[in-house]
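Please read the structure below before turning to the comments.
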Amino acid sequence: MKIKELPEKTLKRLIIYLKVLENLDKQNIDFISSEDLAKRCGVNSAQLRKDLSFVGSLGTKGVGYSIRSLKFRLKNFLGRTREWNLILGGVTPLGIFLLENTNLQKEGFYFLAAFDINEENIGKIYNGISVYSLDQLSYILNVIKVDIGVIATDENPHLYLKAFTDQKIKAILNLSKIPLFLEDPEIRIENFSFLIALTKLSYFLKEIKDEN
């Protein structure tokens, strides 16, 4: 299946399903009905079954879904049974937190190197990961294979975006406050910001208060 055939909203729900299933597996629950799983995931059972049809996984009538089997199918479908190599752009407090977060490694995401444009950060090491000048990117990528570039700075994030895309990195996670976009359909940028999420909530609260 081509990625464009999977609706964005469906992809987001599949990720939620996986997180819920992982939690259920930790509780040693073996099976779950579509109605119960749907309720835990905030959807109705019809929507759940429609979404899971993309994965090609169907439950057993009268039994429901096998937690471990469905979890594995979803992880495989979402690319989470593989290991992915990452590089960091921007040695900020957030960037350092990501470099030192061992939970990412447990989930299959490994930072191999970090890059910065500020001289005072060059040469530092965090959790065994060295910080290089952004100018050294092409040289370092001749040595290591990189799947995902992560931008974790609000200082000139476009410089990191250009550097990453110039080196043919196809997947970029942007954690800066500035949304980044490209016209190249072969490069995927995921913009994520706590401020954006909080703004959604502030709008929700404002609407409630305005109605009262």
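Structure notes:
- Output for segment 127-167, where each listed residue is closer than 13 Å to GLY89 by Cα, of a type in the set (A, V, I, L, M, F, W, C) and part of a helix (DSSP H, G or I): LEU134, LEU137, LEU159, LEU161, ALA163, PHE164
Matching residues to (1) in contact with a helix residue (DSSP H, G or I) (Cβ under 9 Å, 6 or more places away or on another chain); (2) of a type in the set (A, V, I, L, M, F, W, C); (3) exposed (fewer than 13 other Cβ atoms within 10 Å of the Cβ):
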{"position": "LEU14", "(1), (2), (3)": "yes, yes, no"}
{"position": "TYR17", "(1), (2), (3)": "yes, no, no"}
{"position": "ILE29", "(1), (2), (3)": "yes, yes, no"}
{"position": "LYS39", "(1), (2), (3)": "yes, no, no"}
{"position": "LYS50", "(1), (2), (3)": "yes, no, no"}
{"position": "VAL55", "(1), (2), (3)": "yes, yes, no"}
{"position": "LEU58", "(1), (2), (3)": "yes, yes, yes"}
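- Condition met for PHE164 (touching a residue at least 60 places away in the same chain (Cβ under 8 Å), surrounded by 10 or more Cβ atoms within 10 Å (Cβ to Cβ) and either closer than 30 Å to ASN76 by Cβ or in contact with a helix residue (DSSP H, G or I) (Cβ under 6 Å, 6 or more places away or on another chain) (or both)): yes
- Helices (runs of 4 or more DSSP H) wholly inside segment 26-114 that include at least 1 residues being touching a Pro at 6+ places or on another chain (Cβ under 8 Å) and of a type in the set (A, V, I, L, M, F, W, C): none
- Flag for LEU11 being outside the structural domain of PRO185 (by TED's automatic domain parsing), within 25 Å of the chain's Cα centre (by Cα) and of a type in the set (A, V, I, L, M, F, W, C): yes
- Answer residue from segment 60-77, given it is under 19 Å from the mean Cα position of the chain (by Cα) and surrounded by 15 or more Cβ atoms within 10 Å (Cβ to Cβ) and is nearest to GLU22 (Cα to Cα) among those: LYS71
- Considering segment 103-128, the residues that are touching a residue at least 24 places away in the same chain (Cβ under 8 Å) and polar (S, T, N, Q) include one that is farthest from LYS168 (Cα to Cα), namely ASN127.
- Put simply, of LYS209, LYS200, LYS170 the only residue that is free of Cβ contacts under 8 Å to residues at least 60 places away in the same chain, over 18 Å from LEU94 (Cα atoms) and either surrounded by 14 or more Cβ atoms within 10 Å (Cβ to Cβ) or in contact with a strand residue (DSSP E or B) (Cβ under 8 Å, 6 or more places away or on another chain) (or both) is LYS170.
- In segment 26-39 there is no residue that is touching a residue at least 40 places away in the same chain (Cβ under 8 Å) and β-branched (Val, Ile, Thr).
The values are calculated or read from the model by the stated rules, or taken from the named source; none is laboratory data. Model, not experiment: these values are computed from the prediction. When we count neighbours, we look across all protein chains shown, and the Cβ atoms used for this are built from the backbone with ideal geometry, even at glycine.
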